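My questions all concern the structure below.
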Amino acid sequence: MGEELFLLVELQDLDSEIAKNEQRKKKLCHQIRQREIKISELEKNLLSKQEELKEIKKKRRGEERRVDEVDLRLAKHEEEKYKVKSKDEFAALDKEVSHVESEKKEIEDVLLELMEKEEELTQFLPSFKVKAEAEKNELDREKKVLISNLKELTSKGEKFQHQREKLIPRLNPVLLEQYEKLRQLKDELAVVPIKDGICEGCNVKVPPSLIGRVKRGKEIVYCENCNRILYDASLRKV
């Protein structure tokens, strides 16, 4: 029974390493995902700025066409001035010219604003692109390192699982079932040593009679307080 008990301790050590390995893998996966998100955001921001510049240029061309159209209307009205025959017609035409000139002023204000934005973006984009590319390259480099580390952890996890599969057949199925249940109930710590008369699982003093039974190694002994399986670490073969 003593040998089988220490096989159980060995299994628990393996399970602990497997659990730690899985946590490290989850952390790495999260870090990889965070870098993928940042890379995506950089690409979207760059594309957004480029699209914004395209849209501004398109709007600017549209406003320039409107100015041309307004100039044509003003030129036409200027010609019409020489054809009017009454003061009322002249006053009406003059009012229309003032309205069109006001419209042109509004368009030119919008056009000026668009031209300023276009110039600002045109000057800003090259440096922004260089900075974004540099940051993206650094994130790509970090991502590759993380992926490499993840592969190593995956390989290590597979080795742990292989060792576990080799160990399982050597254990009594009933004892193994008890171990698995205790792991679920006791934060994955089913088998614990006695140190200085204290259960390492719950830090409660173990009665001398129980300690004697553990040292004899003839049976499976459970802590009276936490119900974990007890063993004497001094008897374990390294």
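Of everything in region 205-238, what is in a loop (DSSP other than H, G, I, E, B), surrounded by 13 or more Cβ atoms within 10 Å (Cβ to Cβ) and not charged (D, E, K, R)? Give them in sequence order.
Answer for region 205-238, where residues must be in a loop (DSSP other than H, G, I, E, B), surrounded by 13 or more Cβ atoms within 10 Å (Cβ to Cβ) and not charged (D, E, K, R): Val206, Gly217, Ile220, Cys223, Asn225, Cys226, Asn227.
Right, another one. Identify all residues within region 168-179 that are assigned to a helix (DSSP H, G or I) and under 18 Å from Glu219 (Cα atoms); write none if there are none.
We begin by selecting, within region 168-179, every residue assigned to a helix (DSSP H, G or I); these are 168-170, 173-179.
Correct list: Arg170, Pro173, Val174, Leu175, Leu176, Glu177, Gln178, Tyr179.
Suppose the filter is more than 20 Å from Arg183 (Cβ to Cβ) and surrounded by 17 or more Cβ atoms within 10 Å (Cβ to Cβ); does Ile56 pass it?
Yes.
Return yes or no: is Glu64 in a helix (DSSP H, G or I), modelled with pLDDT under 95 and either hydroxyl-bearing (Ser, Thr, Tyr) or more than 30 Å from Leu189 (Cβ to Cβ) (or both)?
Criteria not met by Glu64.
Pairs needed: first member in region 159-174, touching a residue at least 24 places away in the same chain (Cβ under 8 Å); second member anywhere, assigned to a helix (DSSP H, G or I) and acidic (Asp, Glu); C-beta distance under 6 Å; at least 6 residues apart or different chains.
Phe160/Glu17
The values are calculated or read from the model by the stated rules, or taken from the named source; none is laboratory data. Fair warning: this is a prediction, and the values are worked out from it, not measured in the lab. Positions of Cβ are generated from backbone atoms using ideal geometry, with glycine treated the same way; all protein chains shown enter the neighbour counts.
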